[in-house]
Amino acid sequence: MKSTITKNQDGTMRALSNRHVQMIAIGGTIGTGLFLGSGSTISKTGPSVMLVYLTLGLFFFFMMRAIGEMFYSDPSQHTFVSFISRYLGPTVGHFSGWTYWIGLVFVCMAELTATATYVKFWFPNFPSWVVELIFLGVLASVNLIAARLFGEAEFWFAMIKIIAIVAMIVTGVFMMFSHSVTPLGHATITNVFHNYTLFPHGVFNFVSAFPMVFFAFQGIEFVSITIGEAKSPHTVIKKAVNETLIRILLFYIGALIVIMGIIPWTSLTADSSPFVQVFKLAGFPAAAAVINFVVLTSAASSLNSCIFSAGRHFYQLATEVPENSWMHKTFAKISKNGVPAAAIIFSAALVLVTPLMSLTTAITSVFTIVTGVSSDMYIIVYTLSMLAHRKYRASSDFLPDGFKMPWYSVTSPLTIAFFAVIFVSLFFIPEDVIGAVGAIVWTLVFGGVTYLHQRKLVPNTQS
């Protein structure tokens, strides 16, 4: 049978099928935040949490439509940051590219740490650093072999998450319709809005839920990074992006309704997974072990995607520096397997710092702070991608009959304003202030260094 895989000009392979990309999109939409963190957000806001998820889901959908529109005009790009370079200039592009890549490395580290934590559920005495080395080694190898193998791994990782959510929703719907009796009372849909108020624990708790859910959705843009290696990019972009909002409604809102229908929201706490509680109330004693397996695969899925994305972003950075530089010569290469192997290996090698973090608590504390800063930097990069989209609309690249962002004149400025509000809200939440201040310091210092470096390069390129 003849292979349908085509090769890009730069040597990468269009090996990811529509099946792979759709599941990568679902995997990027559903994180461990739903399985573990939803109890915390529900306990803060009650049923109003659905309004938080819906609002953020809508704005993330608009952002994905903006990114999708640019990719539709040029599906040869490997990362949305390349559009920031193109439309906002090389200085902003370099700043965004390095910032996003460093953020990805820290996300990889966080997910690798999480895998060791979840494995301890079954093997409490097994050394964490061994678990981390095994997961990192296996998933880095998956990424080095071929993009198709990465896609296949993500397909099955996402399938496990979907099965868990659908199983809980079906179980919950059955319990609600049969009015099952639990130690907490009757399971019924009326539990969701019983004694409902918009701000049950005050406006502050409602507002602070927005950044929590924002970070739960972080990584939703990973699907766009697969477009450069998808078989039918124009078809895939439309389907993957358009279904973002539907997936959020189905998996998040559906799961939240079921959780609060079975467990009165006043009984939910931040220190226990609602999924575990629902399955236990349904008479499933192994619930904790099953959900632990699901969140383990979810963390492995995120790590797998992070390695894929970090490799593509570092490769992109290497292609944007002068061809005679060591970075370009070393990392702007595609292997025979059609992947940026050197960039993947370098990114994965940095993640090897993670096993060292278990040596002292001081390293762990610094890591927590830096991770917070890098997470907050994503808001800035997302905003820059929206500004790049506005420049794209005013450029000759704009396709009037392309995959256009809906109601652009209203939704574009609204999305940018919303991201700005989310960032400002961080300064009113004690645990997020350090990260927000760090993000501003990083922008001023690293942005300034990048600007001065680019100014030095410009005369050289013109002479």
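Each reported figure results from applying straightforward, stated rules to the coordinates on display, with no laboratory input. In this text the structure is predicted, and so the values were computed from the model without any measurement. A quick note on method: Cβ atoms are made from the backbone with ideal geometry, for glycine too, and the neighbour counts reach across all protein chains shown.
Beyond 28 Å, what share of the Cα-Cα pairs of segment 240-385 remains, rounded to the nearest whole percent? That fraction is 46 percent. In the chain, the inverse of the mean reciprocal separation of distinct Cα atoms equals 23.0 Å; this is its Kirkwood hydrodynamic radius.
Near residue 340, once Lys and Arg are set to +1 and Asp and Glu to -1 for all other residues with Cβ below 13 Å from its Cβ, the sum equals +1. Evaluating 6.51 cos²θ - 1.76 cosθ + 1.60 at θ = phi - 60° for every residue in segment 190-204, the Karplus couplings come out as 5, 4, 4, 10, 5, 6, 5, 9, 5, 10, x, 10, x, 5, 4 Hz, glycine and proline recorded as x. Of the residues 376, 401, the one with the fewest other Cβ atoms within 10 Å heads the list, and the complete ranking is 401, 376. Straight-line reach from residue 44: taking Cα to Cα under 27 Å and skipping same-chain neighbours fewer than 8 places apart, the lysines in range are 161, 280. Compared with the rule-of-thumb size 2.2 N^0.38 Å for a compact globular protein, segment 229-273 has a Cα radius of gyration ratio of 1.79.
Note on the chain: helix-only mean residue ellipticity at 222 nm, from DSSP H runs of 4+ residues weighted -39500 (n - 2.57) and normalised by residue number, equals -23000 deg cm²/dmol.
Computed over segment 59-107, the convex hull of the alpha-carbon atoms projects to a mean area of 3.8 nm². If you take the Cα centroid of segment 170-248 and the Cα centroid of segment 90-125, the two points sit 23 Å apart. Multiplying the residue separation of residue 238 and residue 401 by 0.36 nm and subtracting their alpha-carbon distance yields 57.4 nm.
Across all directions, the shadow cast by the convex hull of segment 127-280 built on its C-alpha atoms averages 12.5 square nanometres. Bridging of residue 231 to lysines at a Cα separation below 24 Å is possible for 2, 7, 239, 333, 336, 404, once same-chain residues fewer than 8 apart are set aside.
Residues of segment 270-314 with amide nitrogen under 15 Å from the 7 Å Cα-to-Cβ point of residue 120? Only 296 fall inside the zone, counting backbone N under 15 Å.
Distance from the C-alpha centroid of segment 375-398 to that of segment 411-446: 16 Å, rounded to the whole angstrom.
Mind listing the phi-derived Karplus ³J(HN,Hα) values for segment 145-151, rounded to whole Hz, using 6.51, -1.76 and 1.60 with θ = phi - 60°, and x for any glycine or proline? So the J values, rounded to whole Hz, are 5, 5, 4, 5, 5, 4, x.
Which residues does a label at residue 194 reach in segment 249-287, if reach means a backbone N under 12 Å from a point 7 Å past the Cα toward the Cβ? What the label zone holds, given the 12 Å backbone N cut-off, is 260-268.
Sequentially through segment 233-246, phi angles give Karplus couplings (6.51, -1.76, 1.60; θ = phi - 60°) of x, 5, 5, 5, 4, 4, 5, 5, 6, 4, 8, 4, 5, 4 Hz, Gly and Pro residues having no value and appearing as x.
Taking trypsin sites (Lys or Arg not before Pro) as exposed when DSSP calls them loop and at most 11 other C-beta atoms lie within 10 angstrom, the chain has its longest site-free stretch at 3-335. About its Cα centre, segment 14-458 has a charge dipole of approximately 680 debye under the convention of +1 per Lys or Arg Cβ and -1 per Asp or Glu Cβ, with nothing else charged. Each peptide in 295-302, 435-442 gets a packing score, the mean of other Cβ atoms within 10 Å over its residues, and the list from highest to lowest is 295-302, 435-442. Each Cα pair under 8 Å and six or more residues apart adds its sequence gap; the mean of these over the residue count of segment 14-458 is a relative contact order of 34 percent.
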